[in-house]
Every structure is written in structure tokens, then in C-alpha cells.
Amino acid sequence: LQLLLQEMSNNIEGGTMNLQEEIKLSYLQLKREVYYDQANLFLREAIARFEKGNFDHLSEISLDINNYLDSPKENSAWLEEQLKSIDCFLLPKRLKKNADDTDKTKKSIINNVRESDSYEVEDIFYYFSGNISLYILSVLWCRLVGRFLDNELSDECFGNRLESHVGKDADLSHFSKLFKTYLRQYQNWRDGAINQGLRLLKDKKNIFIIALDIKQCYYRLETNWDKISEIIEEKGDKNYKKYCKALNLALKKIHEQYHAKTHDMLTKTVFFDESKETHMDLDLPIGLPIGLPSSQILANWELKPLDDLINKNVRPIHYGR
């Protein structure tokens, strides 16, 4: 990895950063995001299996992606083969509380002792799963296309923001970082509201702080691919515009395949008990695949109208999402 980064550094300093290097860099950034992610252990395992015994896989995939982006086709045989790998993992999000359990002290204790013969899952996560090449395409989309969407967001949007250097020449020590550190962004979001409130209280003014959560957000957002295509035409660099269009088409097909794969599970039985259903009230097929890096940017961008609406109609003294 050190040799690869050094080689890329030399090329960047000489102004010769090419698509092949962008693809390799996207993989390194994917690894870094996964390294600090405590949730998606499936992707950690997939990367470990991908690299096991043969790191040359990266060169092979880089060449395949390069060839696809160089000569994009509506029905690319390579992309269609990759799409076949798309699946999903189901993880419990919340367990149903036992009605007989009246001991409130247990709520603050975490242990591995079974307190019941069975546990009923009340809510679940759907996590995207697929070949490593699809994740690389997602990160590459973030670098070449997603940065335009991220630039349209205001500083009031804190979560899942791209680092400012993404898509630009920058110091190599920051190259492996794609998104700003989530915890630091969360602290800025929280402290900004509290500090603003304290300032107003000091001025003898009343304040009212409201914190809201958008339920099942990723499952309810629909991507406007045509609008993104317009942004690519308007803001895309002429040297990369062809690649941006191909990436946007690939990501759209990834979403469509994921929707096809998860549609029945979202609307029908996914548990052994046939009376259990999940997300029955969703207007399908829409939603963003949880676990794809690109979904974080798309979620922010699709929620920008909400930010604008709140600022225009509510006009809060301080707003942050």
C-alpha cells in the first residue's frame, strides 16, 4: 500500500492523475471507511476475502472498471455480471420488550445471559451486499460525481460530508480519507445548538430546542437521476464527463437491482412467523441501499429541500441536520 500511495503521489505531483489511479484510490478510501465503521462487519469480511492471498485482484478489477468507463454501454456484459452479486443482509435494529419484564434496572445492564427462551425482532436493518467492484464504483462516484452534490449543501448539514479535498489535488496524507469524521461532525452539530442557546439565555431571551429524527429515512428517499445528469453536464470537468455519466448509469442500475432484490422482503414475510412483515407502508420501489458510500451523499442531497423549507418557513435562530 505504501508503494502504491508513493507511486500515486509522484503521478499527482506531475499532474498525471488518471482514471486507473482514481479507481485504486477509491479502493483505498473504501478500506479506510470500513476500518472506522463499527456496523458493517460483512463488508470487512468481504474485503478480507478479496485480498486473501492475492492483492493483484485490485489491478484486475481496476482494469475491468477502467474498460467499462472508457466504453460505457447500456447493457455492459461486465456490469450485468457484477449486478448479479447484489444481495442484502438483515440485522436486528430493535427487539420487542418483554411485557412481563418490570425490572427497570435491567435496561442499563448489557450481558450475554439469556433472559427469555425467544426474542421477537421489532425492527430490522437492510444492508447492501455485492462484489467489491460495486463498492469501488460507489466510492468513485462519490469522488467524481458526489462532490458536486455535496458542494450544493450548506454548512447546516453536518453528517456524512465529504472532505474538502475529494476530487482535487491534495496532500497525500489526506488521500485515504473520503468523509469527514462523523463523531467530530456530530459534536459540532450538538455544540453549535447548545452554544447558540447559551448565548441567547445570557441575553435574557427564551429558547426552545427541538431535536427530531427522520424515521426509516434511507428507505423513503427516491433519487432524481435525471437531475444529477444535468448537474454533471453543467459542472463536470470535460476530461471526466464521460466517466461521470457512466458512473451515474452504473449506480442507477445498482439501485434498480437492489430494489428488485429487496422488494419482496420489504413487503412480505421475512421471518419464520408468517404474520410478521416489514416496511409495509413504503411507496416501493424507492430507497437508498444502506452500506453503499454513495447513499450517504444522495441522502443529504435529497434532504436539501427539507433544509431549505425549514429555514424559509420556520426560520429558526439555529438549524443543523
The number of residues in region 143-162 that are touching a Gly at 6+ places or on another chain (Cβ under 7 Å) and either open to solvent by less than 20 Å² (accessible area, probe 1.4 Å) or under 14 Å from Q296 (Cα atoms) (or both) is 5
For helices (runs of 4 or more DSSP H) lying entirely in region 176-235, having 2 or more residues that are modelled with pLDDT of 95 or more picks out 182-202, 225-235
Condition set within 25 Å of the chain's Cα centre (by Cα) and without any contact (Cβ under 8 Å) to a residue 12 or more places away in the chain, scope region 182-210, selection most open to solvent (accessible area, probe 1.4 Å): answer is R184
- request: For region 99-121, indicate whether the set of residues that are at pLDDT below 85, loosely packed, with under 12 Cβ neighbours inside 10 Å, under 28 Å from Q296 (Cβ atoms) and of a type in the set (D, E, K, R) is non-empty.
  value: no
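Restricting the search to region 119-171, which residues are among the β-branched types (V, I, T) and over 26 Å from D64 (Cβ atoms)?
V121, I124
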Taking region 68-97 and the residues there that are exposed (fewer than 12 other Cβ atoms within 10 Å of the Cβ) and not in a strand (DSSP E or B), the one that is modelled with the lowest pLDDT would be K97
Every listed condition ((1) at pLDDT below 90; (2) open to solvent by 10 Å² or more (accessible area, probe 1.4 Å); (3) of a type outside the set (K, R)) holds for V166 save (2)
Filter region 236-259 for residues that are part of a helix (DSSP H, G or I) and over 28 Å from P285 (Cβ atoms); the one that is most open to solvent (accessible area, probe 1.4 Å) is K242
Checking K215, K241, K227 in turn, the sole residue that is under 20 Å from Y68 (Cβ atoms) and basic (K, R) turns out to be K241
Residues of region 124-142 being open to solvent by less than 10 Å² (accessible area, probe 1.4 Å) and touching a Gly at 6+ places or on another chain (Cβ under 8 Å), in sequence order, are F128
Counting only residues in region 42-67 that are of a type in the set (A, V, I, L, M), free of Cβ contacts under 8 Å to residues at least 60 places away in the same chain and under 24 Å from V145 (Cβ atoms), the one surrounded by the most Cβ atoms within 10 Å (Cβ to Cβ) is identified as L58
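The values are calculated or read from the model by the stated rules, or taken from the named source; none is laboratory data. Worth saying up front: this structure is predicted, and the values here are computed from it rather than measured. FYI the Cβ positions are ideal-geometry reconstructions off the backbone, even for glycines, and counts take in every protein chain you see. SASA here: full protein model, heavy atoms, side chains in, ligands and nucleic acids out. Shrake-Rupley method; radii C 1.70, N 1.55, O 1.52, S 1.80 Å.
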